[in-house]
């Protein structure tokens with residue numbers, strides 16, 4: 001599947017994020033992200049993107065703080081040249097998951113050996129009929145998706161504090177733990 005466009009909007013009535021993606025062969029995939037799922041998914045995808053960036057040839061990021069900083073620099077570079085102004089094309093000829101968005105109840109992330117990331121979304125609301133969809137994304141699309149989800153979550157006023165904003169720098173040294181006396 002060659003992804004052409006991504007879109008993330010907050011639906012006030014549902015109080016969910018609608019993640020939509022178009023492929024170059026005119027397919028559209030639609031997913032619902034709840035606040036709880038978004039809160040759990042975002043730190044995991046950001047950590048995976050940092051590991052993916054650090055795994056690229058010629059890159060040396062020995063620790064997680066260096067990986068996070070590298071990922072933020074790469075994300076900022078991508079966002080500088082990304083096109084967020086072109087309207088999302090709604091003329092898909094195929095809806096492989098149906099017209100109703102798939103409610104994401106589980107998400108699994110894997111870093112692929114040849115670069116990129118595989119995200120497996122699952123809907124387990126009906127144990128008799130579990131639905132799933134696998135997406136293979138290059139790191140630039142991962143950064144774009146993270147950015148769009150963050151924007152939509154901010155607009156929804158969900159207050160997701162666990163999500164690291166691209167403009168925030170990760171601390172290079174962890175603060176020392178508090179000391180307690182008996």
Quiz item: Scanning the stretch 100-124 for residues that are surrounded by 12 or more Cβ atoms within 10 Å (Cβ to Cβ) and assigned to a loop (DSSP other than H, G, I, E, B), which turns out farthest from the chain's Cα centre (by Cα)?
Solution: 124
Quiz item: In the stretch 151-169, what residues are out of contact with any strand residue (DSSP E or B) (no Cβ under 9 Å at 6 or more places or on another chain) and either surrounded by 14 or more Cβ atoms within 10 Å (Cβ to Cβ) or modelled with pLDDT under 85 (or both)?
Solution: 154, 160, 161, 162, 163, 164, 165, 166, 167, 168, 169
Quiz item: Residue check, residue 89 against (1) outside any loop (DSSP other than H, G, I, E, B); (2) out of contact with any helix residue (DSSP H, G or I) (no Cβ under 7 Å at 6 or more places or on another chain); (3) in contact (Cβ under 8 Å) with a residue 60 or more places away in the chain; (4) under 22 Å from residue 10 (Cα atoms), all met but one. Which one?
Solution: (1)
Self-check item: For residue 179: the one exception among (1) closer than 24 Å to residue 25 by Cβ; (2) at pLDDT below 85
Solution: (1)
Self-check item: Criterion (at pLDDT below 70 and either in a strand (DSSP E or B) or under 18 Å from residue 145 (Cα atoms) (or both)) met by exactly one of 80, 68, 134
Solution: 68
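The values are calculated or read from the model by the stated rules, or taken from the named source; none is laboratory data. Quantities reported herein were computed from a predicted structural model and do not represent experimental measurements. As a convention, Cβ positions derive from the backbone with ideal geometry for all residues, glycine included, and neighbour counts pool all protein chains shown.
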